[in-house]
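The values are calculated or read from the model by the stated rules, or taken from the named source; none is laboratory data. Note that the structure is predicted; figures quoted are calculated from it, not measured. Neighbour counts run over all protein chains shown; Cβ positions are idealised from the backbone, glycine included. These accessible areas exclude ligands, DNA and RNA; they are computed on the full protein's heavy atoms, side chains included. Shrake-Rupley method; radii C 1.70, N 1.55, O 1.52, S 1.80 Å.
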Amino acid sequence: AQSVTQLDSQVPVFEEAPVELRCNYSSSVSVYLFWYVQYPNQGLQLLLKYLSGSTLVKGINGFEAEFNKSQTSFHLRKPSVHISDTAEYFCAVSDNSGTYKYIFGTGTRLKVLA
Amino acid sequence: NAGVTQTPKFRVLKTGQSMTLLCAQDMNHEYMYWYRQDPGMGLRLIHYSVGEGTTAKGEVPDGYNVSRLKKQNFLLGLESAAPSQTSVYFCASRLQTGSTEAFFGQGTRLTVV
């Protein structure tokens, strides 16, 4: 079975500062990894995904994430945040063994301060 | 192109009442999912379906039933609502591969009193 751990429930950061949101996963099979963003009272939108190949993936709105197989991590980063990045961020994992369950972490609430 | 549409958007139920949440997608996706979102717990998978006529249990299936009679629709039923089922419910769909992202509806906010 797969699981996803987001250790930080809330991350406050000042505008224009860098940020890293942490995600660790556990799985007995190879997986695909995703980051989603949820703005207040909305559904989830895809930020980026890792399928294979280069371990550094770039997404929308200046976000990027690095896949580290040995540490089973997929941390999300942005070099300079804006007020508009205030939202909740979810890491998700999908296996490629055929069941295609889609499991989410508990989320990290990013609050960008002026 | 509507994507994933959930109805209703809001609902208040009394304990013991029943209701059905409807999820409709117009993207010809094979896989559909129902999640509930609770503060501090992220999205937890209730049930999912990998095709018309098939359903499977997720992480928290108790108290819920689902049906996928048509490919485009995935229904979530609460037979006897309980206050513990107060939550925001999200439906999602995706193509028939593990590498694709899911597309989400806007959510249904359900309160059971």
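Once fully extended, how much extra length lies between A:SER3 and A:TYR39, figured as 0.36 nm per residue of separation less the alpha-carbon to alpha-carbon distance?
Separation in residues times 0.36 nm, less the Cα-Cα distance, equals 10.6 nm.
Per residue, the convex hull spanned by the alpha carbons of region A:10-55 comes to 133 Å³.
What are the equivalent ellipsoid semi-axes of the protein assembly as shown, built from the alpha-carbon gyration tensor (square roots of five times its eigenvalues), in whole angstrom, biggest first? Mind showing how you got there, number by number?
Values: eigenvalues 171, 87, 47 Å².
In descending order the semi-axes read 29, 21, 15 Å.
Expressed as a whole percent, the proportion of Cα-Cα pairs in region B:56-113 lying more than 14 Å apart is 65%.
Using Cα-only point scatterers and the Debye equation, what is log10 of I(q)/I(0) for chain A at each q in 0.18, 0.23 Å⁻¹, rounded to two decimals? The computed values of log10 I(q)/I(0) come out as -0.86, -1.34.
For the pair B:THR7 and B:ASN28, a Förster radius of 22 Å applied to the C-beta separation gives a FRET efficiency near 0.65, rounded to the nearest 0.05. With a Cα cut-off of under 23 Å and a minimum spacing of 8 residues unless on different chains, the lysine pairs in chain B number 4. The simple spin-label model puts a point 7 Å past each Cα toward its Cβ; for B:ASP62 and B:LYS14 those points are separated by 2.6 nm.
Other residues lying with their Cβ under 15 Å from the Cβ of A:LEU46 contribute a combined charge of 0, Lys and Arg counting +1, Asp and Glu -1. Look at the stretch A:28-36: the mean tally of other chain Cβ atoms within 10 Å of its residues' Cβ atoms is 2. How far apart, in nanometres, would the label points at A:ILE60 and A:GLU16 be if each is projected 7 angstrom from Cα along the Cα-to-Cβ direction? In this crude label model, A:ILE60 to A:GLU16 measures out at 2.7 nm. Report note on the peptides A:10-17, A:45-52: ranked by the mean count of other C-beta atoms within 10 Å, highest first, their order is A:45-52, A:10-17.
Distance from a point 7 Å along Cα→Cβ of A:VAL29 to each backbone N in region B:54-77: keep the residues under 18 Å and list them by number. Output list for this probe position: B:55-59. Counting, for every residue in A:101-110, the Cβ atoms of other protein chains within 10 Å of its Cβ and taking the mean gives 6. When a 1.4 Å probe is rolled over the protein heavy atoms, the share of accessible surface on region B:63-113 that falls to carbon and sulfur comes to 56 percent.
Normalising by residue count, region B:1-97 has a Cα convex hull of 99 Å³ per residue.
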